[in-house]
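The values are calculated or read from the model by the stated rules, or taken from the named source; none is laboratory data. These numbers were taken from a predicted model, which means no experiment stands behind them. Using ideal geometry, Cβ is built from the backbone for each residue, glycine included, and neighbour counts are taken over all protein chains shown.
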Amino acid sequence: MKKKRFFVLVFSLAVYGAVLAGVLSHDVFADGFMVSEVPSGAISPLGVKYHRVKVEIREQSARTEIDQVFRNDLNRDIEAIYLFPLPEDAAISDFAMYMNGVRVSGEVIDRDEALRVYEDIVRRMKDPGILEYAGRNMFRARVYPVPALGESRVKISYEQTVPLDGGLGRYVYPLDTERFSPTLIEEVSLSVNIHSSVPIKSVYSPTHDMDVVLHTHEATAGFEEHDVKPDRDFVLYFTVSGEPVGLNLLGFRERGDGHFMMMLSPGVTPEAALRKDVIFVVDTSGSMRGAKLAQAKAALERCVDALREEDSFNIIRFATGTDRLSSGLLPATPRNRERGGDFIAGLEARGGTNINEALQKALHMLDLPEERGPRMIVFITDGEPTIGVTNRDEIVRNAGLLNRDRTRIFTFGVGSDVNTHLLDTLAYENGGLPEYIKKHETIETVVPAFFRKVSEPVLTDVSVDFRGVEVYDTYPVRIKDIFRGQQVLLFGRYRDGGNAVITLKGRTNGEEGSFVFEQEFPRRSERFGSIPRLWAMRKIGYLLDEIRRGGESEELVDEIVSLSKEYGIITPYTSFLIIEEGERGEWAMGPVEPSVLDEGRRFSKAMKSETGPEAVSSSEDIRDMKKSATGRPPVIDTVKHVGNRTFFLENGTWTDTKYKKSMRLIEVRYLSRRYFDLLAREPGLGRYFAIGDSLVVVYGDKCYSIQH
């Protein structure tokens, strides 16, 4: 059998960690852009100065207000056309633009005429990007004059319904039209306010990192970017439920087994949080002397202050030996929190690093009756073990023997001298997560911020049972706890589809509790096309973690390569497989530069290294990949994702990965009458045609080849 060759891309894990699935569903709704005609007869988009969006969602109605300023960079006045592709159910409620004191009026044109407008723009701009709007109505306004070297401000608002499907609301705003701007946009901002009579459980965007403030009946979310060209639509999900825990499920299935994403959240009900036991374990060895220890002390003070009176805690400091605030757990009364503050103030840095003894003492102290509630260790260190037991595997084994999978260990590594393999393994094998404080960060900010997220568990020792539908290959592999105000995303595979009963079990205040939900796994649905890629990203993260901590194996590497090819994900082990001569045509990417091999050797070294900046970066990026939730476009210009499809640029043609050489190609010439007639009959092809002027795409049971 011919041996496969594979090479490593010139990307670090930090790069491919951003290569996720564009959006969960490629809907095209409303966003405006402005074009002008130049003397040659061609048309050109105007630059955008800023683009601001405000969204107000009340119950099942949304009002979107858009404020844009366009720039005329020419030395003469111009006439321009403002175009605004409309959501199917949207009603324009206001349009404001004034020229020489006169309000400009506009008109709504139907999809057939809109397609003719899009066709004209494509022919004159020689850019098919706008064809993603095929099949939509349009709002159009003529603007004259746009003054020389001047600006034109447009304010438009529309209203639409946001139906709730099983307590799940979904809002989409496509920012990606701003890629038509010939220059970077100085400011892009979007804010959302949500009001609901039913308690809001969660607010989540698979496309953008947002700041979210969640209250019981109101939530706000938003983001702001500067000097950018937005290249992905904004998608927002929010869930509402009167139950203690909300559960919503989205599925994708074409043929064969499907993929799903399940959202779990208890919301922010104040009385839901459980009492907990926490031990803070802090390294006070000589290497912590100075700013590190000062920051660690400030972080511990803030964490102790955040405890509730029903919680219990202790503090252990370790160096050559160990010392502790108390021989046992203390209730977090004001007096005991004050005692903790005095203990923290007296910490000094000296001696070696006895990690094993510190963990042993903390775990012994937490070896308590099951009904006491959730337990966690917050472990802070800046170095490798140098005193007592120093073998990484032995320290991990000793912790596991004492813990018996009941206490979550959250590790915080300070600097790059820590043993990342040790901290990662301690965290992952004991239900926690590793965190690393980078040079531009401080212990004082990172540790308390993280502690706030996990400080209020409402359900512990969680298990999820599916009946009626066979579910497998889920990530995360295990859900340990659910925290107040936090959302858990579970990705997985399923067979066949149909109605299912999902039972969520866990412990609350020492007692078993359960919640039962009825959800449908769709037998066929192409609406959420990037769920498979997000699932694959998480699975690759888990496989890479196995390799990093346990070593490479042919089986693990082959599985990563296979997932990379199938789902269009760049990994450290694949440059989308360099196919042997004679097999080219489906996955080839051209010659491999020497720098690719150099980067491959660098990555291999980073995966094997236990300490140093590269080891820390590798650990962080694998962690982020394992909990991937925010979709982003590819970071290389030879790969594009559209919905559930991945296209590779090969010999000037964008080729659908679903295409096989055995398929019969239907050839259509770019910009021909047949090209636009096909688009009119099948508007769904528009989002694929928008990729470029030369492509191969599988659509339904046909395969089209668009060529010059």
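Among all residue pairs at least 6 apart or on different chains, which show Cβ distances below 7 Å where the first residue, located in segment 214-228, is farther than 11 Å from TYR204 by Cα and among the aromatic types (Phe, Trp, Tyr) and the second is at pLDDT 90 or above and assigned to a strand (DSSP E or B)?
Close Cβ pairs (under 7 Å, with a partner that is at pLDDT 90 or above and assigned to a strand (DSSP E or B)) amount to PHE223/LEU190.
Could you say whether any residue in segment 264-276 is in contact with a Gly (Cβ under 6 Å, 6 or more places away or on another chain) and assigned to a strand (DSSP E or B)?
The initial filter retains those residues of segment 264-276 that are in contact with a Gly (Cβ under 6 Å, 6 or more places away or on another chain), namely 265, 268, 274-276.
Applying the additional criterion that residues be assigned to a strand (DSSP E or B) yields 265.
Yes, segment 264-276 contains a residue that is in contact with a Gly (Cβ under 6 Å, 6 or more places away or on another chain) and assigned to a strand (DSSP E or B).
Could you please find all residues in segment 96-152 being part of a strand (DSSP E or B) and either closer than 16 Å to LEU679 by Cβ or not assigned by TED's automatic domain parsing to the domain that holds ARG71 (or both)?
The one that is part of a strand (DSSP E or B) and either closer than 16 Å to LEU679 by Cβ or not assigned by TED's automatic domain parsing to the domain that holds ARG71 (or both): MET138.
Are any residues in segment 84-110 among the charged types (D, E, K, R), modelled with pLDDT of 85 or more and closer than 22 Å to ALA134 by Cβ, and if so, which ones?
Result: GLU107, ASP110.
Only one residue in PHE313, PHE318, PHE379 is more than 20 Å from THR460 (Cβ to Cβ) and among the aromatic types (Phe, Trp, Tyr). Which one? Don't jump to the end; show me each part of the working.
Numbers: PHE313 fails: more than 20 Å from THR460 (Cβ to Cβ); PHE379 fails: more than 20 Å from THR460 (Cβ to Cβ).
Of the residues listed, the single one that is more than 20 Å from THR460 (Cβ to Cβ) and among the aromatic types (Phe, Trp, Tyr) is PHE318.
Each row is one residue, and each column tells you yes or no for (1) in contact with a Leu (Cβ under 8 Å, 6 or more places away or on another chain); (2) outside any strand (DSSP E or B); (3) at pLDDT below 95.
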site	(1), (2), (3)
ILE316	yes, no, no
THR320	no, yes, yes
SER327	no, yes, yes
ASN336	yes, yes, no
LEU347	yes, yes, yes
ARG350	no, yes, yes
THR353	no, yes, yes
ASP367	yes, yes, yes
GLU371	no, yes, yes
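Name the one entry in ASP545, ASP558 that is in contact (Cβ under 8 Å) with a residue 60 or more places away in the chain, of a type in the set (Asp, Glu) and not in a strand (DSSP E or B).
Of ASP545, ASP558, the one residue that is in contact (Cβ under 8 Å) with a residue 60 or more places away in the chain, of a type in the set (Asp, Glu) and not in a strand (DSSP E or B) is ASP545.
Are any of the residues in segment 668-675 assigned to a helix (DSSP H, G or I) and surrounded by 16 or more Cβ atoms within 10 Å (Cβ to Cβ)?
yes
Report yes if ARG302 is assigned to a loop (DSSP other than H, G, I, E, B), surrounded by fewer than 22 Cβ atoms within 10 Å (Cβ to Cβ) and under 32 Å from the mean Cα position of the chain (by Cα), otherwise no.
no
Enumerate the pairs (first residue in segment 41-65 and more than 16 Å from ALA91 (Cα to Cα) and not assigned by TED's automatic domain parsing to the domain that holds SER152; second residue anywhere and of a type in the set (Ser, Thr, Tyr) and assigned to a strand (DSSP E or B)) with beta-carbon separation below 6 Å, excluding pairs fewer than 6 apart on the same chain, so at least 6 apart or on different chains.
Going by the 6 Å Cβ cut-off, there are no qualifying pairs.
List, please: which pairs have Cβ atoms under 7 Å, are six or more places apart or on different chains, and start with a residue in segment 291-318 that is closer than 22 Å to GLY373 by Cβ and end with one that is buried (at least 22 other Cβ atoms within 10 Å of the Cβ) and basic (Lys, Arg)?
As it stands, the answer is ASP311/LYS276, since those pairs meet every condition given.
Within segment 676-708, can you find the residues that are hydrophobic (A, V, I, L, M, F, W, C) and outside any loop (DSSP other than H, G, I, E, B)?
PHE676, LEU678, LEU679, ALA680, LEU685, PHE689, LEU695, VAL696, VAL697, VAL698, CYS703, ILE706
Step by step: first the residues of segment 194-235, then only those that are among the polar types (S, T, N, Q), surrounded by fewer than 16 Cβ atoms within 10 Å (Cβ to Cβ) and modelled with pLDDT of 90 or more, then the one that is farthest from VAL639 (Cα to Cα). Which residue is that?
Per the criteria, the residue is SER197.
Only one of these is at pLDDT below 90, of a type outside the set (A, V, I, L, M, F, W, C), within 24 Å of the chain's Cα centre (by Cα) and farther than 24 Å from GLY700 by Cβ: ASP558, ASP545. Name it. Reasoning before the result, please.
Values: ASP558 fails: within 24 Å of the chain's Cα centre (by Cα).
So the residue among ASP558, ASP545 that is at pLDDT below 90, of a type outside the set (A, V, I, L, M, F, W, C), within 24 Å of the chain's Cα centre (by Cα) and farther than 24 Å from GLY700 by Cβ is ASP545.
Name the residues in segment 202-232 that are in contact with a strand residue (DSSP E or B) (Cβ under 8 Å, 6 or more places away or on another chain) and assigned to a loop (DSSP other than H, G, I, E, B), would you?
Scanning segment 202-232 gives SER205, PRO206, THR207, HIS208, ASP209, MET210, HIS215, THR216, HIS217, LYS229, PRO230.
Residue check, SER197 against (1) touching a residue at least 24 places away in the same chain (Cβ under 8 Å); (2) not in a loop (DSSP other than H, G, I, E, B), all met but one. Which one?
Among (1) touching a residue at least 24 places away in the same chain (Cβ under 8 Å); (2) not in a loop (DSSP other than H, G, I, E, B), SER197 violates only (2).
Can you find a residue that is in contact with a Phe, Trp or Tyr (Cβ under 8 Å, 6 or more places away or on another chain) and either under 30 Å from TYR688 (Cβ atoms) or in the same structural domain as PHE252 (by TED's automatic domain parsing) (or both) anywhere in segment 507-518?
So far as segment 507-518 goes, no, none of its residues is in contact with a Phe, Trp or Tyr (Cβ under 8 Å, 6 or more places away or on another chain) and either under 30 Å from TYR688 (Cβ atoms) or in the same structural domain as PHE252 (by TED's automatic domain parsing) (or both).
Does any residue of segment 153-162 turn out to be within 22 Å of ALA629 (Cβ to Cβ), surrounded by 14 or more Cβ atoms within 10 Å (Cβ to Cβ) and in the same structural domain as PHE139 (by TED's automatic domain parsing)? Walk me through how you get there before you give the answer.
So in segment 153-162, the residues within 22 Å of ALA629 (Cβ to Cβ) come out as 162.
Subset that is surrounded by 14 or more Cβ atoms within 10 Å (Cβ to Cβ): 162.
Filter again for in the same structural domain as PHE139 (by TED's automatic domain parsing), leaving 162.
Yes, some residue in segment 153-162 is within 22 Å of ALA629 (Cβ to Cβ), surrounded by 14 or more Cβ atoms within 10 Å (Cβ to Cβ) and in the same structural domain as PHE139 (by TED's automatic domain parsing).
The rows are residues; the columns are (1) exposed (fewer than 15 other Cβ atoms within 10 Å of the Cβ); (2) β-branched (Val, Ile, Thr).
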{"residue": "PRO457", "(1), (2)": "no, no"}
{"residue": "VAL471", "(1), (2)": "no, yes"}
{"residue": "ILE479", "(1), (2)": "no, yes"}
{"residue": "SER514", "(1), (2)": "yes, no"}
{"residue": "GLU520", "(1), (2)": "no, no"}
{"residue": "SER530", "(1), (2)": "no, no"}
{"residue": "ARG533", "(1), (2)": "no, no"}
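Report, by residue number, each residue of segment 236-270 that is among the β-branched types (Val, Ile, Thr) and buried (at least 24 other Cβ atoms within 10 Å of the Cβ).
THR239
Identify the residue in segment 615-652 that is assigned to a loop (DSSP other than H, G, I, E, B) and at pLDDT 80 or above and, among all such residues, is farthest from PHE223 (Cα to Cα). Lay out the reasoning, then the answer.
So in segment 615-652, the residues assigned to a loop (DSSP other than H, G, I, E, B) come out as 627-638, 643-644, 651-652.
If we keep only those that are at pLDDT 80 or above too, we end up with 651-652.
Working: ASN651: 38, GLY652: 36 Å.
Only one residue fits best here, namely ASN651.
Could you grab the pairs with beta carbons closer than 8 Å, sequence gap of 6+ or different chains, first residue in segment 356-367 and without any contact (Cβ under 8 Å) to a residue 60 or more places away in the chain, second one surrounded by fewer than 20 Cβ atoms within 10 Å (Cβ to Cβ) and assigned to a helix (DSSP H, G or I)?
So the pair list comes out as ASN356/GLU394; ASN356/ASN398; GLN360/ASN398; GLN360/LEU402; LEU363/LEU402; HIS364/LEU402; ASP367/LEU402.
Checking GLU132 against (1) farther than 30 Å from SER265 by Cα; (2) among the acidic types (Asp, Glu); (3) in contact with a Lys or Arg (Cβ under 7 Å, 6 or more places away or on another chain); (4) surrounded by fewer than 21 Cβ atoms within 10 Å (Cβ to Cβ), which single condition isn't satisfied?
Going through the list (1) farther than 30 Å from SER265 by Cα; (2) among the acidic types (Asp, Glu); (3) in contact with a Lys or Arg (Cβ under 7 Å, 6 or more places away or on another chain); (4) surrounded by fewer than 21 Cβ atoms within 10 Å (Cβ to Cβ), GLU132 breaks only (4).
Quick check on segment 381-404. Is at least one of its residues in contact with a Leu (Cβ under 8 Å, 6 or more places away or on another chain) and over 20 Å from ILE279 (Cβ atoms)?
Within segment 381-404 (the criterion being in contact with a Leu (Cβ under 8 Å, 6 or more places away or on another chain) and over 20 Å from ILE279 (Cβ atoms)), the answer is yes, since at least one residue qualifies.
Having 2 or more residues that are among the polar types (S, T, N, Q) and outside the structural domain of TYR204 (by TED's automatic domain parsing) is the bar; report the helices (runs of 4 or more DSSP H) wholly within segment 386-501 that clear it.
In segment 386-501, the matching helices (runs of 4 or more DSSP H) lie at 392-403, 420-428.
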